[in-house]
Amino acid sequence: MKLLLALFLASSLAITVRADDLKTVEAFRDAAAKANSTLTVPDWDQTPETIEASMKSAIATANAALDQIGAQDLTKVTFKSTIVALDDLGYQARLAANKATIIKETNTSEAMRTAAENAVKLFQDWAVGVDYREDVYKAVKAFEKTNPKLDGEDAKLLKETLRDYRRAGLDLPPSKRQEVEKLRKDLAKLGTDFDSNIVNVQAPVVFTGAELDGVPESFLTSPGIKTADDAYTVKANVTWQYITVMENARSEAVRKRLYVIHDTMAKENVGVLNQMLALRNKTALRLGYKSWADFQTEVKMAKSGAGAEKYINDLITGTQPKFTAEVAELQKLKAADTKDANAKIFTWDFRYYQNQLKKQKYAVDTEALRVFFPFQKTLEGMFNIYQRIFDLKFEKIAVPQKWVDDLELHAVTDATTGEPLGLFYLDMFPREGKFNHFAEFEIIGGKLLPNGKYQRPTVALLCNFPPPSEGKPSLLTHGDVETLFHEFGHALHAIVTRAKHSRFAGTNVPGDFVEAPSQMLQNWVWDKPVLDTFAADFRDPTKMIPAETITKMKEAKLATVGVYYRRQFAFASLDLALHAPHPEGKPYDSVAISNPILEKVFLPIAPETTFVSYFGHLNGYDAGYYGYAWADAIAADMATVFESAKEGYLDKQAGLHLRHEIYEPGDSRHVTESIEKFLGRKQSVQPFLKKIGIGGAQKSR
Ligand SMILES: [Zn+2]
């Protein structure tokens, strides 16, 4: 996951640390000056009042800059006084929003978090209005009319700025423009309702001990599960609880009951979604697009709804034999289990029988692997690998203002030239009120500043790894390690950027590409030579992970990958279908569109379910879910560069190539060009097909 957000700190806990053995940011300032760049530790607001004041001041500054653009003499407009000025002011305002976001996600004080949340909302409301500043738009158009000779990144910035205005409706006659503005505001409101309905769902389901036969004891004794004598309350809205029961409950009736409740959650969203679809469709039509999918994909690699749809449909067809074979394996298990030769695999069965398959056939004990991944050693191991392949140096430095005791700050420099490239914070363990997933957040993006210096980025990793306990280090699962390699990849993408304009810097790349480099890095933790550089039993560091264990893990993954991807493709496909061309006056029935696709592409469902009502991606990733599979294919394709390199995933030449051709340019040139430069050839979907067991010599089982 990749979130552009940011951070903060509890005033009462703000401690200034100047440990003697740690350098400070100051120590890097000379080297930065030599490289004509600047390295910055944010000044964190310490009270709810200053959070609000900072945001208001940032908005006022941005408004003044907008006024200045709008008030200039239209006969003297320049690239700098219009297009770059817009990039500058948007960047400055985002710095305040990023900081507020980090405070909202990390502060130990609820009052601080609430103030920060309000500040972020203030920013979002302001940001929508920026598009509709006619005076500013006139200045931009006046500059366009000068027929400027721009090239490269500058030409791209002008083109995309104009595109933003067109997409907001500024090219339309005033009455239609106002209609689009209103549609956008109404949509934003409905989107908030849709999200709130999902966040607010409570779906406790009470089972008896006998009903939960098969579910591990460790689950039944988890805090909050046992709620009375022989009564266990499973919250369908809490993912880990839902999945544990779906993977382990022997009773089909129990699995079905829980699944129906789960896939009917936030049912009131069906109506909300139908309205959203109608408004999105209307907006797209007013702006001259055939569908919302066309509108959304225009700015992505896919370019059109049809392009995304074809991609997913080809994968659906391509995975058919592998998917059929996997379901047949599961069916055999169910037939033996139920003594019914004709037993069918339904949506409420796949997790349970996949789990059975993994246990019976592959015997991989994922819990036992934790001893190989103590947190600190794993982190250092990953650092060593990334420093080596990307020619970087990471140094832990003193944190000037801490929002939590174990917060770390690290400086990144180029290992060869010593040029400082950026800073990253690590906030790695869970606590009350903190962001509860794993993500990289941009705090300060890269940008060539008006004073001619380059602002180097500062980012944060907010994670929730298992905390250390008395006498025992934090021990990660293999999945945690994969997540760490993935998220830190986003941090590097942001930090080593060389893009001039903030719009193009770091991870500000098309949504169907942004995950690809990080998804590629997940391969590293499935590679024995990589793992052997750091993964050792913490009780006896001479013990490495046995090769046959890694092989079995890969086999188990391959044996279930068809079902995994078909479910992904079903989601992508229904999302595109909901946003496909649709007659303007015709009401939407989102369930009637999506349920048949779930059945056709994935597995039989219970007809009364309303899967889309709880599918949060439909607000935010709308007509964009296909992007995960899209990026997966690019990730597998890019991985081949390392796989054919002399030192495999540890190859420095391939790593530097990735740094220079993918990470550094960001979106300053078309990502397709960057990908092809990195690959040294056109893109291919074959490596992805091979990876999921349906291409080349890979036989389907
Ligand atoms: Zn990600």
Unmet requirement for L158, which otherwise passes all of (1) at pLDDT 95 or above; (2) surrounded by fewer than 16 Cβ atoms within 10 Å (Cβ to Cβ); (3) of a type in the set (A, V, I, L, M, F, W, C) | (2)
Flagged pairs (Cβ under 8 angstrom, 6 or more apart or on separate chains; first in segment 408-437, closer than 18 Å to A116 by Cβ; second among the aromatic types (F, W, Y)) are D427/W403
Restricting the search to segment 9-38, which residues are in a loop (DSSP other than H, G, I, E, B), modelled with pLDDT under 95 and not polar (S, T, N, Q)?
-> L9, A10, A14, I15, V17, R18, A19, D20, D21, L22
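Surrounded by fewer than 17 Cβ atoms within 10 Å (Cβ to Cβ) and farther than 29 Å from M112 by Cβ: which single residue out of T75, T61 fits that description?
Exactly one of T75, T61 is surrounded by fewer than 17 Cβ atoms within 10 Å (Cβ to Cβ) and farther than 29 Å from M112 by Cβ, namely T75.
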Using beta carbons and a limit of 6 Å, which pairs, at least six apart or on different chains, have the first residue in segment 60-81 and at negative phi and the second one open to solvent by 40 Å² or more (accessible area, probe 1.4 Å) and in a helix (DSSP H, G or I)?
-> G70/D135
Go through segment 476-532 and give me each residue that's touching a strand residue (DSSP E or B) at 6+ places or on another chain (Cβ under 8 Å), open to solvent by 10 Å² or more (accessible area, probe 1.4 Å) and either farther than 30 Å from G452 by Cβ or within 12 Å of the ligand (Cβ to nearest atom) (or both).
-> V514, E515, D532
How many of the residues making up segment 272-317 are of a type in the set (G, A, S) and over 13 Å from Y625 (Cα atoms)?
-> 7
In segment 566-587, the residues that are open to solvent by 10 Å² or more (accessible area, probe 1.4 Å) and at pLDDT 95 or above | R567, Q568, F571, S573, A577, A580, P581, H582, P583, E584, K586, P587
Answer with yes or no whether G471 is open to solvent by 30 Å² or more (accessible area, probe 1.4 Å), free of Cβ contacts under 8 Å to residues at least 40 places away in the same chain and away from the ligand (no atom under 16 Å from the Cβ).
-> yes
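Within segment 424-435, is even one residue under 21 Å from S674 (Cβ atoms) and either within 24 Å of the chain's Cα centre (by Cα) or not β-branched (V, I, T) (or both)?
Checked against the condition, which is being under 21 Å from S674 (Cβ atoms) and either within 24 Å of the chain's Cα centre (by Cα) or not β-branched (V, I, T) (or both), segment 424-435 yields no hits at all.
The values are calculated or read from the model by the stated rules, or taken from the named source; none is laboratory data. Remember, predicted model here, so these are calculated numbers, not experimental data. Counting neighbours? That spans all protein chains shown, and the Cβs are built from the backbone with ideal geometry, glycine included. In case anyone asks, the SASA skips ligands and DNA or RNA and just uses the protein heavy atoms, side chains included. Shrake-Rupley method; radii C 1.70, N 1.55, O 1.52, S 1.80 Å.
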